[in-house]
Amino acid sequence: MKTYKIGVGNLVSFLYASGDLSSETFQNVSLLEGTRAHQHLQNQYLSSDQAEVPIQLSYETNSFHILLLGRIDGILVRDGYTILEEIKSTRYPIYSPEFKLNYEHLAQLKMYAYMYMKVHSISEIEGRVTYLQIGDHQVRYFEYLFHLDELENYFLDSIESYLLWLEILGAHEQLKMESLSTLVFPFDMYRRGQREMMSAVYQTMIDNDILYAIAPTGIGKTMATLFSSLKSLRDDTQKIFYLTAKTAGRKIALDTLDMLHEGTLETKSIEITAKDSICFLEKRECDPKICPYAKGFFDRLQEATKDIFQNEKLMSRSVIERYARKHIVCPFEFSLYVSYYADVIICDYNYVFDPITHLIRYFDEDNYKPLVLIDESHNLINRSREMFSSTLIMSDFIKLRRAGSKLKPTIRTGIKHVLDQFENYNSRFIDQLFISDKSLNNDFLESIRYLMKKIENAIKENPYYPKKTEVLEGYFSMLRFIKINEYYNESYLTNAEKIDNDISIKIQCLDASKFILDIVKNKTYGTVFFSATLYPIKYYQELLTQNQGETLKIQSPFDKNRLKIIVMDQISTRYVDRFSSIDNVVDIIVSTINSKKGNYIVFFPSYQYLNQILDQLPNSLDADILIQKKDMDLKLRDLMIERFKTINDCSQLAFFVMGGMFAEGIDYIGDMLNGVIIVGVGLPMINETNNQLRDYYQLTFKKGFDYAYLYPGMNKVIQAVGRVIRTSSDFGIAILIDDRFNSYSYRKLFPPEWKNYEVIRSKQKLEQSLGIFWNKMSNQ
């Protein structure tokens with residue numbers, strides 16, 4: 001007899017969710033807020049009342065043994081009668097005419113009422129669904145009297161309906177585990193270092209540990225991490241999260257899973273795409289009166305979920321979109337819901353680590369055991385700081401005043417309070433345009449809270465306000481600001497900056513390692529940080545997980561003699577020396593182009609420097625010039641990359657910016673790229689915020705300049721050079737231009753495969769060395 005453990009919440013969510021995707025759905029009441037709302041009511045309970053009461057009920061059929069599990073929010077005793085309470089928190093105005101009891105919430109109460117009556121052998125019980133409005137703590141009750149005989153059929157029908165779905169899930173789970181037991185590596189041979197990485201990743205997941213892996217290009221790290229994580233799966237609560245910073249990384253993961261699916265693997269894998277990117281509307285409007293994919297979303301969700309689950313293994317963005325259009329459901333919310341039944345979830349970092357947008361069901365609740373793979377994790381230090389920071393801009397409140405000008409009751413007084421606070425900051429900008437405080441001004445914070453309440457009341461009275469979307473966008477910006485402020489600690493500063501008569505107030509996180517470690521240690525069941533450029537590895541350990549975690553360093557599988565590293569240390573590219581460096585840099589570019597027809601990229605530290613060099617290129621240069629522009633979109637980027645795949649009569653020379661969209665996550669294979677020229681050491685811009693990081697890192701780790709400037713800059717350099725050799729048959733050159741590259745502090749950061757670098761200080765010697773290298777490679 002098969003045993004199923006069923007959570008009441010999962011059952012009612014699948015069977016009884018109905019209606020529209022309303023604004024309430026998008027307001028993301030976090031677990032913390034929901035818990036506080038529950039506690040607000042439960043703290044008012046009498047001594048005879050009980051809160052958060054676990055309950056379970058066993059039920060058997062001829063084929064199944066079912067253990068139904070749940071937790072009743074409150075069991076109250078009033079005038080001798082017992083009342084079951086189901087508490088739900090919301091930002092939606094609960095006394096507006098549009099507010100209705102959610103049938104899913106009533107279904108949950110009905111299931112608990114039946115279970116309670118069966119366990120306690122009683123025939124009737126009172127119950128109520130209690131809605132608590134976040135912010136002002138208004139309460140609204142929906143009260144019922146339940147009889148056991150009346151709920152009997154309801155309970156049995158619910159179990160029978162859900163069992164049909166569980167049988168589908170169970171069949172898949174059995175098929176998945178059988179396929180994993182017989183799954184074999186899809187290639188005849190392992191690449192150098194690949195098996196070592198697979199073993200380390202597998203053990204990390206088995207031991208629920210942390211691993212940092214330097215995994216050079218060419219070892220097949222995507223296959224290594226996914227294959228070994230899949231082999232570590234033991235039960236249906238485990239899910240693999242493959243996190244990437246860029247779209248290109250998601251595609252590689254999808255292709256890897258597709259290859260495994262072509263073999264014996266039977267898993268369900270899904271790609272989660274950002275809401276704005278995947279939205280079908282020209283401009284996202286999460287309002288069921290405007291968006292047909294939000295209207296009746298929950299009415300169609302169950303059938304859409306069954307359809308895609310039973311017919312697809314690899315649920316990429318295009319597959320999600322196809323089924324979303326077929327069933328007329330929001331593609332973003334659809335993908336999130338389907339992910340509950342997927343085995344592998346491919347998504348951006350923020351779905352795990354962002355305190356506002358992370359996936360609550362996976363990382364705030366105990367239903368699942370996430371195994372997390374973090375690709376290109378050198379990006380996570382900066383990304384994590386930004387996730388735990390938040391900014392408000394004065395001009396946005398002026399726009400908000402305009403958008404909400406016709407709201408009654410008015411929000412203008414609330415906006416005035418906020419603008420007055422901005423003016424207080426403005427009065428402090430006397431001899432400087434940047435001000436930093438160790439704490440956030442409480443008056444500013446209170447003015448934001450006051451305005452938020454004004455907006456809540458106004459929207460409650462005007463649910464169909466024409467510019468409701470614009471007003472809510474301002475509201476959510478403030479909501480994020482307030483939430484981020486709850487994390488404020490000794491690693492935070494409040495920065496006010498004035499630019500072009502506009503003022504920004506930023507809660508600036510300088511170190512998010514405490515928060516990242518908490519997620520990794522307490523909410524995941526094995527985490528692997530991996531990248532080709534985790535140099536030095538201790539820097540990443542300290543700034544991500546406070547020195548916790550094992551390390552693995554794998555050597556490059558490629559012949560180091562196929563990459564010619566040249567250091568031109570007679571040139572300074574420091575800001576003060578850039579003008580005098582132009583002629584020398586141009587000479588190096590010309591010599592490189594003349595040495596061999598091919599495709600070359602010059603990486604610059606800034607657009608300004610790029611344009612200075614571009615203006616001085618000789619007209620006689622035999623090369624087509626490709627130039628990266630600011631704010632270039634992905635379509636233009638892809639078109640430019642396609643240019644590298646074409647055969648041309650002359651060389652192609654690309655001018656790109658270090659650390660940008662062309663510098664990592666792209667495979668320039670074979671003759672797509674013959675060499676790169678790195679102009680400068682890639683230091684982040686020297687500004688107030690980076691200097692704050694320097695000061696904080698110096699005080700905390702005694703490595704201020706290294707952590708704030710040197711290591712992030714050198715990471716960009718290594719990433720850019722890493723574009724040249726992508727397969728064992730590739731060969732090419734990398735020219736590093738700056739005297740600092742030949743200093744000890746930079747040389748010690750060179751990857752092992754760079755140790756044969758050559759120092760060259762003249763144009764003639766460069767041309768000679770390039771000629772020798774190209775001749776040697778052509779004769780192999």
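For this structure, a couple of remarks:
- Value of relative contact order over the chain, rounded to a whole percent, pairs C-alpha under 8 Å and six or more apart: 12
- Trypsin sites (Lys or Arg not before Pro) restricted to segment 571-642 and DSSP loop, no more than 16 other C-beta within 10 Å: 574, 597, 629, 630
- Of the DSSP H helices in the chain, those whose Cα atoms cover at least 24 Å axially and whose Kyte score averages -1.0 or more: 103-120, 148-182, 442-461, 468-485, 578-595
- Spin-label pair residue 251-residue 631: with each label point 7 Å from Cα along the Cα-Cβ axis, the two points sit 2.5 nm from one another.
- Rounded to 5, percent antiparallel among DSSP beta bridges of the chain: 35
- Å² per residue, accessible surface of the chain at 1.4 Å: 44
- Surface composition of the chain: carbon plus sulfur atoms contribute 48% of the solvent-accessible area (1.4 Å probe, protein chains only, all chains present).
- Cα-Cα over 27 Å, subset of 100/467; 176/246; 416/468; 88/118; 283/438: 176/246; 283/438
- Among the GluC sites (Glu not before Pro) within segment 195-290, those in coil by DSSP and having at most 11 neighbouring Cβ atoms inside 10 Å are 282.
- Its relative contact order, with pairs defined as Cα atoms under 8 Å and 6+ residues apart, puts segment 576-692 at 41 percent.
- Those aspartates and glutamates that a straight Cα-Cα span of less than 12 Å connects to residue 2, excepting residues fewer than 8 apart in one chain: 60, 167
- Within the same chain, aspartates and glutamates fewer than 8 places from residue 560 are excluded, and of the rest, those with a Cα less than 16 Å from its Cα are 730, 753, 758.
- Residue pairs, from the table 239/313; 597/645; 369/523; 239/521; 538/564, whose Cα atoms sit over 18 Å apart: 538/564
- Extension gain, residue 705 to residue 745, is 13.3 nm, computed as 0.36 nm per intervening residue step minus the present C-alpha separation.
- Which label in (i) 1.00; (ii) 1.11; (iii) 1.13 gives the computed Rg/Rh (Cα atoms, Kirkwood Rh): (i)
- Net lengthening on full extension, residue 121/residue 406 (0.36 nm per residue, minus Cα-Cα): 96.8 nm
- The aspartates and glutamates within cross-link reach of residue 326, meaning a Cα-to-Cα straight distance under 19 Å and a gap of 8 or more places when in the same chain, are 20, 271, 282, 299, 303, 307, 312.
- Computed on segment 670-780, with alpha-carbon pairs under 8 angstrom and 6+ residues apart, the relative contact order is 31 percent.
The values are calculated or read from the model by the stated rules, or taken from the named source; none is laboratory data. Here the structure is a predicted model, which means the values were calculated and not measured. FYI the Cβ positions are ideal-geometry reconstructions off the backbone, even for glycines, and counts take in every protein chain you see. With ligands, DNA and RNA removed, areas are computed over all heavy atoms of the protein, side chains included. Shrake-Rupley method; radii C 1.70, N 1.55, O 1.52, S 1.80 Å.
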